Every structure is written in C-alpha cells, then in structure tokens.
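One structure below.
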Amino acid sequence: MKDTRTDIVNLAEKLIRTRGYNGFSYKDISAPLNIKNAAVHYYFPTKCDLGLAVVNRNRNAFEIETRKWSKESPDVQLSRFMKIYEDSRAAKMVCFMGAFGSSYDSLPSELQGALTIAGAEIRLWLKQLLTKGLEENVFAFTENIECKADSIISALLASLILGKVTGQDILANVRNVINNTI
C-alpha cells in the first residue's frame, strides 16, 4: 500500500539534503509524486511542518541506531557513526545538519529549535562515546572531550559540503585523520 506521507517526507529530505531547505517548493514534491499541491498541504500544512518531520525522523533514526550500537566497543560505534556520513556521500547528499544548518538564520524558529536539539543530542552522544573510549583505553587523545567531539562532527559535516563542491572524496581524508588521532 502506498504511503503518501512517507513518500512526501522521503522526497523532501532528498531535496533538503541536495538543494537546501530554501531550494524547493511543494510543487517540487507534488509533481514527481504525481499528487496535487493540496495533498502535500494536507499532510504538512506549512513547509516548517515538513522540515520538522525530516528533522524528527533523523533524530529518531539516530536514537534507534545508537541504541543498537550501544553494546559495541567505542571504536566500532565511532566507525558506525562515520558510516552515516559515508552513506550520505554515496547518495550525493550532505547530512541533514549541514543542509538545514546552512539556512539556519532563515528557518522558522520552531525548526531552528528542533535542529538545535538534534545537534545537542548528537554532540552529547559523541562526548559520552569519547569519554567511554578514553576510560576503556580504546581511544588515546589529549584534547578536551567537548573540543574533540566538536572537531569530529564539524569535520564530518564539512567534508560532505567540501566534497560536493570539489567533486573529491574529502570524507575519506577526514575519516583517516579521525582514525589516526583518536
């Protein structure tokens, strides 16, 4: 059975992660899905509602994935985290944070808030993982945990954007640096 709501969110996420939040309209969703604009508005009365659905889906997926990984060693979990970015690169998309973040100042406040919470959740998870890795002697770095977490997230996010601009696999270089400095 066709799930129009899911189809809309799927396409919206792809458009956001390839064009940016401000780079598409409901017509860009309705035409490929062969539905009327009114159908998109039925499920998502505003573009903010649609953006929130994309952010919340990514937040939920991240929570589910990190729970699955929780019994694995910190280095394996970090590898799985970096694979999220590899999957985005393979799909020729930037991560959802990079896609929304580049338009942050023009986003509705409710969407800004959801994105801020998502960023805090990712940062907290990574800081906890790095702390555990140090405690278990899996990681050996001297930087402050918060600085290390922010450096990793920033490098991964930026590598997708720079890779898109240059057409090169910047992510592979970033992953090597992270693996060699952790």
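The values are calculated or read from the model by the stated rules, or taken from the named source; none is laboratory data. None of the values given here were measured: they were computed from a predicted structure. Counting neighbours? That spans all protein chains shown, and the Cβs are built from the backbone with ideal geometry, glycine included.
Things worth noting here:
- Only one entry of LYS47, LYS68, LYS14, LYS36 meets the criterion of being over 19 Å from ILE152 (Cβ atoms) and either at pLDDT below 95 or of a type in the set (A, V, I, L, M) (or both), and that entry is LYS36.
- The range 34-70, subset more than 30 Å from LEU129 (Cβ to Cβ) and hydroxyl-bearing (Ser, Thr, Tyr), residue surrounded by the most Cβ atoms within 10 Å (Cβ to Cβ): TYR43
- Taking the conditions (1) crowded, with 17+ Cβ neighbours inside 10 Å; (2) farther than 15 Å from VAL177 by Cβ in turn, GLY163 satisfies each one other than (2).
- Boolean, MET97 is touching a residue at least 60 places away in the same chain (Cβ under 8 Å) and within 17 Å of SER151 (Cα to Cα): yes
- Unique residue being at pLDDT below 95 and surrounded by fewer than 16 Cβ atoms within 10 Å (Cβ to Cβ) when the list is PHE141, PHE96, PHE100: PHE141
- Checked against the criteria, SER88 counts as within 30 Å of ASP49 (Cα to Cα), crowded, with 17+ Cβ neighbours inside 10 Å, within 17 Å of the chain's Cα centre (by Cα) and at pLDDT 90 or above.
- Selected residue (criterion: farthest from VAL76 (Cα to Cα)) from residues of the range 97-108 that are part of a helix (DSSP H, G or I) and among the aliphatic types (A, V, I, L, M): ALA99
- The listed residues are PHE100, PHE81, and the only one of them that is within 23 Å of ASN173 (Cα to Cα) and aromatic (Phe, Trp, Tyr) turns out to be PHE81.
- Filter result for LYS36 (free of Cβ contacts under 8 Å to residues at least 24 places away in the same chain, more than 23 Å from TYR104 (Cα to Cα) and basic (Lys, Arg)): yes
- Looking only at residues in the range 133-163 that are free of Cβ contacts under 8 Å to residues at least 60 places away in the same chain and among the polar types (S, T, N, Q), the one that is nearest to LYS71 (Cα to Cα) is ASN137.
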